[in-house]
1. Write down, largest first, the equivalent ellipsoid semi-axes of region A:4-114 in whole Å, where each equals the square root of 5 times an eigenvalue of the alpha-carbon gyration tensor.
2. Suppose R0 equals 30 Å. What FRET efficiency, 1/(1 + (r/R0)^6) with r the Cβ-Cβ distance, do B:R106 and A:M29 give to the nearest 0.05?
3. Taking only the C-alpha atoms, wrap a convex hull around the protein assembly as shown and report its volume per residue in Å³ as a whole number.
4. Please give, to one decimal in nm, the separation of the simple spin-label points placed at A:N7 and B:S58, each 7 Å out from Cα toward the Cβ.
5. Mind scanning A:K5/A:K54; A:K5/B:K80; A:K38/A:K71; A:K37/A:K71; A:K5/A:K37; A:K5/B:K79 and naming the pairs with a C-alpha gap bigger than 27 Å?
6. Give the average, rounded to an integer, of partner chain Cβ atoms located within 10 angstrom of each Cβ in B:98-108.
7. Among B:Q62, B:T10, B:F48, pick out the residue whose Cα is farthest towards the positive end of the charge dipole of chain B, where Lys and Arg carry +1 and Asp and Glu carry -1 on C-beta, about the Cα centre.
8. Can you list which of the GluC sites (Glu not before Pro) found in region A:1-68 are DSSP loop residues with at most 14 other C-beta atoms within 10 Å?
Amino acid sequence: DQQVKQNSPSLSVQEGRISILNCDYTNSMFDYFLWYKKYPAEGPTFLISISSIKDKNEDGRFTVFLNKSAKHLSLHIVPSQPGDSAVYFCAASATRGSTLGRLYFGRGTQLTVWP
Amino acid sequence: SQTIHQWPATLVQPVGSPLSLECTVEGTSNPNLYWYRQAAGRGLQLLFYSVGIGQISSEVPQNLSASRPQDRQFILSSKKLLLSDSGFYLCAWSVQGWQYFGPGTRLTVT
């Protein structure tokens, strides 16, 4: 059973415009959410995260929004750049104190940013 | 700083052959270690995780096995590969839950 869902397998955006990647989850125990970015033939790298006590976290061009009532989060990239072209994985976890539990990943969204 | 190594980077194996993928971590002690697989059209599937030497938990029933002979060494094995074992295998380590991934191994079973 997929507890973290990324329903769009791909997204194509023009350079300079906003990219919005979406993620839904089903487990109400999840209280920490992460986005990983993955280039072909490389391991995923951590991008940005958000705790359930917040509804927004921003880091440069990347902003993650969390809607707990809808069990939905989204990653906004503004402005999008060709180097952002990669697969983006959403992940969720239930924390225990200061420790993250097991990560549950979505299937990923392939973002392509064209000039 | 912490570093995670995986080898080989790519591997082509015939069906029915054995498999051994190795992962080592440097710069940390007693990490949690994980094996993931990314198959075509699927996300990151957790295969095994280990919280210490000799302690392995399996998430998915399959013909794969894992071992942790040393604190910072994690090995993924199979006695007989299946076509469905093709994919990108990722090792990860974590402390307090934050996971850091290795470069991965591309396995093609022919």
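1. Numbers: eigenvalues 106, 41, 31 Å².
In descending order, the three semi-axes are 23, 14, 13 Å.
2. Working: r = 34 Å, r/R0 = 1.14.
According to the calculation, E is roughly 0.30.
3. Working: hull volume 28.6 nm³, N = 225.
Cα-based convex hull of the protein assembly as shown, divided per residue, equals 127 Å³.
4. 3.6 nm
5. Details: A:K5/A:K54 21 Å; A:K5/B:K80 32 Å; A:K38/A:K71 24 Å; A:K37/A:K71 21 Å; A:K5/A:K37 16 Å; A:K5/B:K79 33 Å.
Distance filter (> 27 Å) returns A:K5/B:K80; A:K5/B:K79.
6. Working: counts 7, 10, 4, 7, 2, 3, 6, 1, 2, 0, 0.
Other-chain Cβ atoms within 10 Å of each residue's Cβ, averaged: 4.
7. B:Q62
8. Working: sites: A:E15, A:E42, A:E58; in loops: A:E15, A:E42.
When the GluC sites (Glu not before Pro) of region A:1-68 are filtered for loop state and at most 14 Cβ neighbours within 10 Å, A:E15 remain.
Read the figures in this text as sums done on the coordinates, not as results from a lab. Note that the structure is a prediction, hence the values are computed from the model and not measured. Here Cβ is always computed from backbone atoms with ideal geometry, including for glycine, and neighbour counts include all displayed protein chains.
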